[in-house]
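Report on the following structure.
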Amino acid sequence: MGKWKHFSDEEAKGLDGELMDRLDVARDLCGFPIVITSGARTPEQNAAAGGTSESSHMKGFAVDLRAPTGQNEREKMIWALGRAGLRRIGIYTRHIHCDVDHDKAQDVVWFGVSHA
């Protein structure tokens, strides 16, 4: 078993411990799986994913999560992420981004369109 209750060491590879701790708490709170679709990225992976040049993914501070599709699950996941102490959440059409990049504005939520 890995360091986190709900995430394997492979899923957490290259990701910040604070981020993973908060995701573990969020998973307990929402009561259904949280699926990481994109975590730590190299600059090349980031460019291919359509990430910005200042992407927190390249520092291991950010993840994209599959947006759940069950009734009220999307809202519950967003609530759980905030309750777990994640202070930067991006709500996209097919995924939810969250990060613990303390060099960026805190206590923010933004909306966007998922790439491909």
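The values are calculated or read from the model by the stated rules, or taken from the named source; none is laboratory data. Treat the numbers as computed from the prediction; the structure is a model and nothing was measured. All Cβ positions, glycine included, derive from the backbone under ideal geometry; neighbour counts span all protein chains shown. Protein only, heavy atoms only, side chains kept; ligands, DNA and RNA dropped before computing areas. Shrake-Rupley method; radii C 1.70, N 1.55, O 1.52, S 1.80 Å.
With respect to being touching a residue at least 40 places away in the same chain (Cβ under 8 Å) and in contact with a Pro (Cβ under 9 Å, 6 or more places away or on another chain), PHE32 fits the description.
Test LEU19 against the stated conditions and say whether it is in contact with a Phe, Trp or Tyr (Cβ under 7 Å, 6 or more places away or on another chain) and either of a type in the set (A, V, I, L, M) or in contact (Cβ under 8 Å) with a residue 12 or more places away in the chain (or both). Here the answer is yes, as LEU19 does meet what is asked. For the range 79-107, filtered to residues that are charged (D, E, K, R) and out of contact with any Lys or Arg (no Cβ under 6 Å at 6 or more places or on another chain), the residue that is least open to solvent (accessible area, probe 1.4 Å) is ASP101.
Taking only the range 57-78 into account, find how many residues are open to solvent by 30 Å² or more (accessible area, probe 1.4 Å) and in a strand (DSSP E or B). Selection size over the range 57-78: 1.
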